[in-house]
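**Q** First the structure, then my questions, so here it is.
Values in this text are rule-based calculations from the coordinates and carry no lab data. Please read all numbers here as calculations on a predicted model, not as lab measurements. Neighbour counts are summed over all protein chains in view; Cβ atoms, including those assigned to glycine, are modelled from backbone coordinates with ideal geometry.
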Amino acid sequence: MQLANAFFVLTIACSARQVRAHVAAWHKGMYCFNGTQPGFVNQNANEAVQPLFNLTRDEWWFHHKNNCDQFPPAPGDFLELPAGGTFTVEHAVNRAYTSLSYNGAGANEFLDGQPLPKLAENVELPCISSPNIHTQNESMAAGTAFAISYQSDITKVTEENLVVFTVLYNTPWRRIATYSVPASMPACPAEGCICAWGWVPNGCGEPNMYMLPYRCRVTGATSTIPLAPAKPAGWCEDDFSKCTPGAKQMIYWNQFEGNNIEVSGLDLSGHVRSPAYNVKLGFPNGAQNDIFLTGAAASSAASSAPRPTSTTPTSTPTSSSRPQDNSASRAGQLSHPALHYATLCFIFITLRLL
C-alpha cells in the first residue's frame, strides 16, 4: 500500500512538472479553478498561471486570453475577506501543488511542491528558472496584491471601481500566503463582490503581469463608507511626495493596449525600472487603509448606505513578511531541487516502460 501511495504521489508530481509554468493564487473562489474545459475537473489545472504580455485589453482583462473569466467558481464558493482580519491563499505553479488537489499530496512549503530552497537573501544571485518565478530569492520577490470591486457582475468591473486593498511584499515565494484586510471594508452586495489577484515580476525574464478573477465577499463588516474611485499608481521610489495617495488601481503594464503606467530609466538599485506592488509605487505592505472616501462624500455615502449584514469573520493565521529588498538581478540561472526531481521523474517513467 505504501509503495502504491508513493507511485501515486510521484505520478502527480511528474505530470504537473511537465509544465514549466508561472504562479497563481489558488482558492476555491477563483475563476478557472478547475481549468477551462467545460464539465471537467482538472486537478492539474494550470490555465491561471499563464502570464499576460503584449495583449489587447480584451485579452488581458481578467485573464480572458484563455477564457479563464468564463469559468466562475462553483455556487457558494467565495474568497472570504474578514474585515480587520486576514485571509489565506496558496501560491503555486500548478493546482496539483496545493492542498486543493489530490488531498494535498503534492503540496509542500515552496510553490512548486518542494521544500523551501535555502538561498542567501538581500544579495545578487542568478535568477531561478525552474520554477519560473522571476526572482533570485524571497527578499527580491516583487510583491503581489488583491483588489476588490463592489460589483457582483464581472462585466461591470472597471479600472476605477477595482481597488487594491491589500499587498504582500516578498511574494510569490512560499505556498501559503496570508493577506491583511482593512478594518473599514464595507459589506458586499448579496451576490458578492468581484476580486482580482495581481503580480508584476521584477525582471528575471519576460516583463509580464497577472490579473486573475475571484468571487469574494467581506465578512464581519461594520463600516458603510464606500471605497474611493481608484487612480493609477505612479513611480515614487525616489520621491514619496510623487506617490498616488488613496485608492489605487491594479498595475496594467507592458500590454499592447490599456496600460496605466509607463516607466523608464533605472531604479535606486541601478536596475531597469519595473513597476510592482511595493514601495516603488507607494503601496505599503499589508492592508491599504487609505482607500475609502473621506470628508463630505464619505458622510453622504454612509448616511444613505444600508447597514451591513455580513457574517462574523473567521480568524486565520498571520504570516510574517520580510522588508522589501528593491534590488534585482537580470541574468543567469540557479541550480534548484527541481533538477533532482526531474531525474527522479525520468527514472520513474523509464521503470514504467520496462
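**Q** What's the percent breakdown of Cα-Cα distances in region 22-335 across 20 Å bins, shortest bin first?
**A** Histogram of Cα-Cα distances, whole percents per bin: 34, 60, 6.
**Q** Going by C-beta contacts inside 10 Å, put Tyr210, Tyr169, Tyr97 in order with the fewest on the left.
**A** With the fewest neighbours first, Tyr210, Tyr169, Tyr97 line up as Tyr169, Tyr210, Tyr97.
**Q** Please list the equivalent ellipsoid semi-axes of region 17-145, computed as the square roots of five times the alpha-carbon gyration tensor eigenvalues, in descending order and whole angstrom.
**A** 25, 18, 16
**Q** Can you list the residues, at least 5 places off or on another chain, whose amide H is less than 5 Å from the amide H of Ser130, using H built in the peptide plane?
**A** Leu334
**Q** For region 144-158, just list the computed ³J(HN,Hα) in residue order, Karplus coefficients 6.51, -1.76 and 1.60, θ = phi - 60°, integers in Hz, with x standing in for Gly and Pro.
**A** 10, 8, 10, 10, 9, 10, 8, 10, 8, 9, 4, 6, 9, 7, 10
**Q** Let me ask something else. What is the fewest-to-most order of Cys188, Cys236 by other Cβ atoms lying within 10 Å of their Cβ?
**A** Ordered from fewest to most neighbouring Cβ atoms within 10 Å, Cys188, Cys236 come out as Cys236, Cys188.
**Q** Would you work out the charge dipole size for region 22-335 about its Cα centre, treating the Cβ of every Lys and Arg as +1 and the Cβ of every Asp and Glu as -1, and quote it to the nearest 20 debye?
**A** 460
**Q** Do the alpha carbons of any pairs in Lys156/Lys280; Lys118/Lys280; Lys156/Lys248 sit beyond 21 Å of each other, and which pairs?
**A** Violating the 21 Å limit, Cα to Cα: Lys156/Lys280; Lys118/Lys280.
**Q** Here's another thing I want to ask about it. In what order do Arg175, Arg273 fall by count of nearby beta-carbon atoms within 10 Å, going from fewest to most?
**A** Arg273, Arg175
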